[in-house]
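The values are calculated or read from the model by the stated rules, or taken from the named source; none is laboratory data. In this text, all values refer to a predicted model and were calculated from it rather than measured experimentally. Note that each Cβ is placed from the backbone with ideal geometry, even for glycine, and that neighbours are counted across all protein chains shown. Ligands, DNA and RNA are stripped out before the accessible areas are found, and what is left, the full protein with its side chains, is counted by its heavy atoms. Shrake-Rupley method; radii C 1.70, N 1.55, O 1.52, S 1.80 Å.
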Amino acid sequence: LEYRGYDSAGIALNDNNEIDVFKAEGKLENLRKLLEAPTCKRFAPRLGIGHIRWATHGKATTANAHPHLSNDGRLVLVHNGIIENYQDTETAVHLIDREYKKRGSLEEAVIAGVKQLCGAFAFCIMHKDEPDKIIAVRQNAPLIIGLGQGENFIASDIPAIIGKTRNIIHLADGELAVVRRESVEVKNLNGENVIKPVE
């Protein structure tokens, strides 16, 4: 989905029992070069989230690139959309991190956090202490889940998963997906399971 943004790109990998974040200014090619450099220390990732960005808020810099990390580096988030009741997306990662520290559950923290946000957002969120899952949540921004064999995908548009799978679930506004390697659970923001058709 390189056409979706040219200002910066980043990826977070949940590997080596840590979340490692790599970011680069400019086009996706700059991130690719960073990751392919011999000095880039990487381990075998179990999960990853990435984002390419148009700089709608803040300058097109590495610091403003997604993914955003919590202060302790344990929670990481990418966001497509605009938060209307605060000036930037970094607030969202700190809000959800605060809720995680209260609740000890990533799913519950995301539900509690997004209920406090106004605007358009599609989030993908990982936490170091829950290394088997990615939480995806949608409100007024596109998000799909691709179902594979021993792997699952989250994307903002179908071209991102062409060649990986032909089976998808469209999340609706106010729905959250708990995505693991072998399973996908969809819930509403009350935590209730939602049965979604596979297309």
| task | State in Å² the accessible area per residue of region 80-138; use a 1.4 Å probe, count heavy atoms of protein chains only, and round to the nearest integer. | result | 41
| said: With a 10 Å cut-off between alpha carbons and a GNM built on the chain, which of 145, 169, 11 moves the most? | reply: 169
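Counting only protein heavy atoms and a 1.4 Å probe, tell me what percentage of the chain's accessible area is made up of carbon and sulfur.
Working: 4820 of 10090 Å².
Carbon-and-sulfur percentage of accessible area, whole number: 48.
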| Taking only the alpha carbons of the chain, what extent do you get along each of the three principal axes, in Å, biggest first? | 45, 38, 32
| query | Just from its helices, what would the mean residue ellipticity at 222 nm be for the chain, if runs of 4 or more DSSP H residues each count -39500 (n - 2.57) and the sum is divided by every residue, rounded to the nearest 500 deg cm²/dmol? | reply | -5000 deg cm²/dmol
| said: Is there a quick way to get the dipole size of the chain? I mean about its Cα centre, with the Cβ of Lys and Arg at +1 and of Asp and Glu at -1; what is the value in debye to the nearest 20? | reply: 240
| Theoretical FRET efficiency, 1/(1+(r/R0)^6), r = Cβ-Cβ of residue 85 and residue 192, R0 22 Å, to 0.05 | 0.30
| query | Taking θ as phi - 60°, what are the ³J(HN,Hα) couplings along region 149-154 by the Karplus curve (6.51, -1.76, 1.60), each to the nearest whole Hz, with x for Gly and Pro? | reply | 9, x, 7, 9, 9, 10
| said: With an 8 Å Cα cut-off and a minimum separation of 6 or more residues, compute the relative contact order for region 147-199 in percent. | reply: 34
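Excluding ligands, DNA and RNA, what is the solvent-accessible area per residue of region 159-199 at a probe of 1.4 Å, expressed in Å²? Spell out each step's value before the answer.
On the way: 2540 Å² over 41 residues.
Dividing the accessible area of region 159-199 by its residue count gives 62 Å².
How do 160-167, 67-74 rank on mean C-beta neighbours within 10 Å, highest first? Let's see the in-between values first.
Details: 160-167: 13.4, 67-74: 16.9.
Packing proxy ranking, top to bottom: 67-74, 160-167.
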| Relative contact order of the chain, pairs being alpha-carbon contacts under 8 Å that are 6 or more residues apart, as % | 15
